[in-house]
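K.L.:
Below is one structure. I have some questions about it.
The values are calculated or read from the model by the stated rules, or taken from the named source; none is laboratory data. Quick caveat, the model's predicted, so the values are computed rather than measured. Because the Cβ atoms are built from the backbone with ideal geometry, glycine has one as well, and the counts that use them run over all protein chains shown. To get the accessible areas, we keep the full protein, side chains included, count just its heavy atoms, and leave off ligands, DNA and RNA. Shrake-Rupley method; radii C 1.70, N 1.55, O 1.52, S 1.80 Å.
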Amino acid sequence: MATHLMLLSTTFTLSIAGMALHRVHLMSILLCIESIMLTLFISMTLASLNATHPLATTMPLMLLTLSACEAGTGLALLVATTRTHSTDHVSNLNILQC
């Protein structure tokens, strides 16, 4: 079990580092966020398998639902940004401009 925890923590750390260091395209940031959510889903699923409480099994499903909503919203923002700015480079985006 310790190998699974080490692998999940390494995956989570690499996803956070990838999101922090390689912020060139909006799509790469969205992929890093999705890998973070997938790592959290797997760790919550493993934790719910060891728990005896019946409500512990619903938490991974709620996280997966929120992750799917986040992915849809992120892709909609990617399409809208690409249409308005004609690029998905994060450096070209300025939040202060409308």
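K.L.:
Just give me the residues in the stretch 69-97 being among the hydrophobic types (A, V, I, L, M, F, W, C) and modelled with pLDDT of 85 or more, in sequence order.
P.N.:
Cys69, Ala71, Leu75, Ala76, Leu77, Leu78, Val79, Ala80 - these are the residues of the stretch 69-97 that are among the hydrophobic types (A, V, I, L, M, F, W, C) and modelled with pLDDT of 85 or more.
K.L.:
Further, regarding this structure: Quick one: in the stretch 55-85, which of the residues that are of a type in the set (Val, Ile, Thr) and over 23 Å from Phe41 (Cα atoms) is least open to solvent (accessible area, probe 1.4 Å)?
P.N.:
My answer is Thr81.
K.L.:
On to the next question. Out of the helices (runs of 4 or more DSSP H) lying entirely within the stretch 1-94, which hold 1 or more residues that are without any contact (Cβ under 8 Å) to a residue 40 or more places away in the chain and in contact with a Pro (Cβ under 7 Å, 6 or more places away or on another chain)?
P.N.:
Those helices (runs of 4 or more DSSP H) span 26-50.
K.L.:
In the stretch 1-19, how many residues are at pLDDT 90 or above and either open to solvent by 50 Å² or more (accessible area, probe 1.4 Å) or under 28 Å from Ser91 (Cα atoms) (or both)? If you could, list the steps in order and put the result at the bottom.
P.N.:
Our first condition is that a residue be at pLDDT 90 or above; within the stretch 1-19, this holds for 6-18.
Adding the requirement that they be either open to solvent by 50 Å² or more (accessible area, probe 1.4 Å) or under 28 Å from Ser91 (Cα atoms) (or both) leaves 6-7, 9-18.
Here the count works out to 12.
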